[in-house]
1. If you check ALA85, ALA100, ALA44, ALA31, which single one turns out to be surrounded by fewer than 18 Cβ atoms within 10 Å (Cβ to Cβ), in the same structural domain as ASP11 (by TED's automatic domain parsing) and at pLDDT below 90?
2. I'd like to know if the range 108-129 contains one or more residues that are in a helix (DSSP H, G or I), modelled with pLDDT under 75 and surrounded by fewer than 19 Cβ atoms within 10 Å (Cβ to Cβ).
3. With respect to VAL23, determine if the residue is closer than 24 Å to ALA201 by Cβ, in contact with a helix residue (DSSP H, G or I) (Cβ under 9 Å, 6 or more places away or on another chain) and not assigned by TED's automatic domain parsing to the domain that holds VAL198.
4. Tell me the residue from GLY63, GLY99 that is assigned to a loop (DSSP other than H, G, I, E, B), in contact with a Gly (Cβ under 8 Å, 6 or more places away or on another chain) and either basic (Lys, Arg) or in contact (Cβ under 8 Å) with a residue 24 or more places away in the chain (or both), please.
5. Which pairs have Cβ atoms under 7 Å, sit 6 or more apart or on different chains, and link a residue in the range 3-25 that is farther than 18 Å from ASP52 by Cβ to one that is of a type outside the set (S, T, N, Q) and assigned to a helix (DSSP H, G or I)?
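The values are calculated or read from the model by the stated rules, or taken from the named source; none is laboratory data. Keep in mind it's a predicted model, so treat the numbers as computed, not measured. Quick reminder, even Gly has a Cβ in these numbers, built from the backbone with ideal geometry, and neighbours come from all protein chains shown.
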Amino acid sequence: MPEPIRVLLVDSPTLVRRCLAAVLGRRRRLAIVAEAGSGPEALAGSRSIRPDVVLVDPQVPEGGLQLVAELCAETPTGAVVVLTAETREGTVARVLEHGARGYLDKHCDVEDVARCIERVHAGEVVIAQNLARSLPGDFSAFRGSDSPAVSRRELEVLQLVAGGRTNQAIAHELFITEHTVKSHLAKMLGKLGLNNRVQLATYAAQHGVSPAPPQA
């Protein structure tokens, strides 16, 4: 059996956080290794524990976007997921720009939270559909019918990127060279007006592109 995904849970008030920890902790693939109720506690926990995933509500005391950015910097080998009631236009994009790999509305089901943790740990970018559709114009790829079409092969590459594959893994699965993979990625980034791989995975989530499932 694989090692459980080690999660740092950052939320307040205490009762809500502990209830969520108890429910998530029942899943065999997840282990809540620490909890925090404020920004300083979250950063201290991240530095000492090095969790696989940080699940954070930026509205904790001394939190905010700066806390998300610092947690992303403190967990370069892990992933940060935002779970919050804050859904104002532009917030999702700013969080992604600072390095978060997931964004969920607190009104979602706990099963959605658990699946999101598992998916970001596997390398995906996960955004609640209702939030992905509202990404603002500073993510210039999200232009609806104005977005240029991608080719069939580019779509295959996009699905693999959304599934968290590396360039090497994509090349192996599609029987092409890494140079060709990089070429496809560069073309898609240019067509869609994106800057990096995270934004490309975000584009896939916003447009309903299903991540390619992991190979057996």
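1. Just a single option satisfies the conditions, and that option is ALA85.
2. Checked the range 108-129: at least one residue is in a helix (DSSP H, G or I), modelled with pLDDT under 75 and surrounded by fewer than 19 Cβ atoms within 10 Å (Cβ to Cβ).
3. Working: closer than 24 Å to ALA201 by Cβ: no; in contact with a helix residue (DSSP H, G or I) (Cβ under 9 Å, 6 or more places away or on another chain): yes; not assigned by TED's automatic domain parsing to the domain that holds VAL198: yes.
So VAL23 does not fit the description; no.
4. On inspection, the qualifying residue turns out to be GLY63.
5. Listed by first residue and then by second, the contacts come to VAL23/VAL110.
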